[in-house]
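Have a look at the structure below, then the notes.
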Amino acid sequence: MSYPDAQETPEEKWAYLRKGIIEWWSPEDHDFPWRKPDDEWKLLVTEILLQRTRASAVAQLYDDFFERFPTPESLAEASTEEVGDAIYSLGLAWRAKYISQLGDQLAELTGEVPDTRDGLKELPGVGPYVSGAFQVLHRNQPDSFVDSNVVRLLGRYFGFEWDGETRRRKWFLQFVDRLFEHEYEPSRFGYALLDFTREVCAPSPNCEVCPVRERCHFAAEHKQARI
Ligand code: SF4
């Protein structure tokens, strides 16, 4: 791994990235219905809907979905086909089964969502990403979550190769912890990270407006290539 500034330490590079992300973000510009306090069971179901799905698509069906299923019991009583029909427009139809099973379990728990990350992971459809995101975003707990967008950002910024398996590799899981070692409010930083990887370091990166481009490996390489 090389650094554009030879004097720069890894810690300085991490701090620059974290600061760039949090200072770029403003909640007013990123308003979604699930970013307000609400019943935890609804927020958990929403995190499953958001996996690998555009937030704008989830926003379009959010109100209709929870009007149709206003309680965990109503979700438990629905068939998998009914749940699948309600989320059809999002694709990834396999989620209907997990959401249906999750409804069963949440109804048994009378809507009480487990209060630890390990407890969350025992629920259907809730893996490392959803449990970590839920703790950070909806409970404001210092924790971490990693999706392919985060891998892409770090691969470009630090200059390493990545693929679909990177986020599960042991070295990466230790590496990415540094991203979440910050002094900011956990939920604020978490939302900023989500929005930054969606809008700035997107699949097609917007380096010209990026606040961390001066220290980004990818941006430096492309600048060099243009010269
Ligand atoms: S400069 Fe470009 S590649 Fe680097 S973090 Fe910003 S958007 Fe991503």
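Arrange the peptides 9-21, 148-160 so that the one whose residues have, on average, the most other Cβ atoms within 10 Å appears first.
Details: 9-21: 16.8, 148-160: 19.8.
With the highest mean Cβ count within 10 Å placed first, the list reads 148-160, 9-21.
Couplings 3J(HN,Hα) for segment 77-87, derived from phi with the Karplus relation 6.51 cos²θ - 1.76 cosθ + 1.60 (θ = phi - 60°), are 6, 6, 7, 4, 5, 5, 5, x, 5, 5, 10 Hz, where x marks Gly and Pro. In order along segment 142-151, phi translates into HN-Hα couplings of x, 8, 9, 8, 9, 10, 5, 5, 5, 4 Hz, rounded to whole numbers, per the Karplus curve 6.51 cos²θ - 1.76 cosθ + 1.60 with θ = phi - 60° and x for Gly and Pro. Note on D29: accessible area approximately 110 square angstrom, rounded to 10, probe 1.4 Å, nucleic acids and ligands left out.
Residues with beta-carbon under 12 Å from that of T71, excluding T71: net charge, scoring Lys, Arg +1 and Asp, Glu -1? Display every interim value, and only then the final one.
Details: positive: K42, R68; negative: D39, E67, E73, E77.
Neighbour charge sum, excluding T71 itself: -2.
Heavy-atom accessible surface of H217, to the nearest 10 Å², is about 30 Å², with a 1.4 Å probe and all protein chains retained.
If r is the Cβ-Cβ distance from T9 to F32 and R0 is 22 Å, what FRET efficiency results, to the nearest 0.05? The partial results should precede the final answer.
Values: r = 36 Å, r/R0 = 1.65.
With R0 = 22 Å, the Cβ-Cβ based efficiency is 0.05.
Taking every protein chain into account, the 1.4 Å probe leaves K97 with about 100 Å² of accessible area, to the nearest ten.
Reported to the nearest whole Å, the Cα centre-to-centre distance from segment 1-79 to segment 137-192 is 13.
The values are calculated or read from the model by the stated rules, or taken from the named source; none is laboratory data. Owing to the predicted nature of the structure, the values given are computational and were not obtained by experimental measurement. Reconstructed Cβ throughout: ideal geometry from the backbone, glycine too, with neighbour counts over all protein chains shown. Protein only, heavy atoms only, side chains kept; ligands, DNA and RNA dropped before computing areas. Shrake-Rupley method; radii C 1.70, N 1.55, O 1.52, S 1.80 Å.
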